[in-house]
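Written below as structure tokens is the structure these notes are about.
The values are calculated or read from the model by the stated rules, or taken from the named source; none is laboratory data. Computed from a predicted structure; not experimentally measured. So basically every Cβ, Gly included, is an ideal-geometry build from the backbone, and we count neighbours across all protein chains shown.
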Amino acid sequence: MTAAPGWYDAGTPGELRWWDGTRWTGQVAAAGPTAGPPPSHQAPAQPGSPSGTAAGPQPGWYPTGPDQLRWWDGSHWTGLRVKDGKPGTDWATTEQPTLAWVFASVFLVLSLSQFSLGLLSSHLSFNGVPLLLVSILWFGIAAKTTAVRRIPRPTGAPTVIDAVRPLPGEQDGPGAGWYDVSSRATRWWTGSRWAQYVGTQYGIRPTFHGARAFRTYLVLCWVLLGIGVLGLLVGVVLVVNGSDDSYAFLGAAIGIAVIAGGVLFGVLGGVLLAMSRTQRRLLLLPELPPSR
């Protein structure tokens with residue numbers, strides 16, 4: 001049985017070589033934690049198959065519960081899973097759980113600040129509610145990802161079912177290999193069709209959830225932009241009305257804080273929207289075969 005794609009000991013001390021599922025490539029890396037796939041399509045370098053041991057369990061689908069498989073990328077579990085025979089993803093997942101905890105804490109502090117400013121004024125304020133909801137969302141993402149990472153490492157061989165094929169390394173025509181789909185990601189081409197697997201800086205990732213994820217991504221972009229515009233409008237109103245209030249300074253401070261939050265959300269939504277083309281290439285299958 002052919003070994004799964006991954007970094008393997010090819011006989012050179014302190015060095016790993018990338019095995020694409022059928023042959024050695026010219027891509028090498030220093031021995032250590034499992035890296036992602038090569039950054040671009042490479043010609044074969046050596047014949048044969050991996051003669052050493054992989055740096056940890058091979059990337060693949062492993063059982064983590066009744067009627068459930070989860071994708072192991074060679075170093076840790078991911079949010080990609082197959083449940084009841086259908087590939088998908090967890091409700092929330094991130095590649096960097098530590099950063100998610102940081103985001104959650106920052107938005108919590110911002111929301112508490114908004115509530116504190118509201119308590120000091122003579123008006124009931126709900127300005128901190130959107131920030132609190134974002135904080136709760138990030139806490140949920142961080143907690144879910146952390147829980148997944150703590151699942152015991154897989155044992156045995158990966159499970160292969162038709163729903164997850166073609167896998168990286170499978171070939172059904174000439175020219176099979178990893179091809180660039182963005183500046184920092186590659187996708188496996190079997191020789192006649194694209195596979196639902198991309199190689200990123202984090203490793204090999206399935207994209208069976210791509211269509212739904214891309215739609216959710218666009219909705220998120222426009223929601224953030226909408227919150228940003230709303231925050232700007234509410235902030236301006238508070239600043240203007242605050243000038244006629246006995247707590248003029250406090251009203252202006254609250255308005256400026258709301259405007260700052262609106263700018264933050266607006267900029268974030270705009271940046272994410274500008275990145276949508278890259279996300280589309282990463283999540284959706286290309287319409288055309290790779291150019292050789």
Just a yes or no: is a residue in the stretch 88-107 touching a Gly at 6+ places or on another chain (Cβ under 8 Å), farther than 26 Å from residue 211 by Cβ and surrounded by 15 or more Cβ atoms within 10 Å (Cβ to Cβ)?
no
Tell me, yes or no, whether the stretch 218-240 has at least one residue that is within 30 Å of residue 86 (Cβ to Cβ), at pLDDT 90 or above, not assigned by TED's automatic domain parsing to the domain that holds residue 89 and not hydrophobic (A, V, I, L, M, F, W, C).
no
Return the residues of the stretch 176-210 that are more than 12 Å from the chain's Cα centre (by Cα) and among the polar types (S, T, N, Q); say none if nothing qualifies.
182, 183, 186, 190, 192, 196
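Looking at 143, 185, 176 in this structure, which one is modelled with pLDDT of 95 or more and of a type in the set (A, V, I, L, M)?
Numbers: 185 fails: modelled with pLDDT of 95 or more; 176 fails: modelled with pLDDT of 95 or more.
Among 143, 185, 176, only 143 is modelled with pLDDT of 95 or more and of a type in the set (A, V, I, L, M).
Go through the stretch 1-107 and tell me which strands (runs of 3 or more DSSP E), entirely inside it, have 3 or more residues that are within 21 Å of residue 153 (Cα to Cα) and either within 25 Å of the chain's Cα centre (by Cα) or modelled with pLDDT of 65 or more (or both). Talk me through it step by step, then tell me what you get.
Values: elements: 6-9, 15-19, 24-30, 60-65, 68-72, 77-83, 86-89.
Because the criterion is at least 3 residues that are within 21 Å of residue 153 (Cα to Cα) and either within 25 Å of the chain's Cα centre (by Cα) or modelled with pLDDT of 65 or more (or both), the strands (runs of 3 or more DSSP E) in the stretch 1-107 that meet it are 6-9, 60-65, 68-72, 77-83, 86-89.
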Hits in the stretch 182-198 (condition: of a type outside the set (Gly, Ala, Ser) and under 23 Å from residue 163 (Cα atoms))
186, 187, 188, 189, 190, 193, 194, 196, 197, 198
State the number of residues belonging to the stretch 134-193 that are under 23 Å from residue 63 (Cα atoms), polar (S, T, N, Q) and not in a helix (DSSP H, G or I).
2
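Just to check your reading of the model, which residue among 167, 133 is surrounded by 15 or more Cβ atoms within 10 Å (Cβ to Cβ) and not acidic (Asp, Glu)?
Criteria check complete, one pass: 167.
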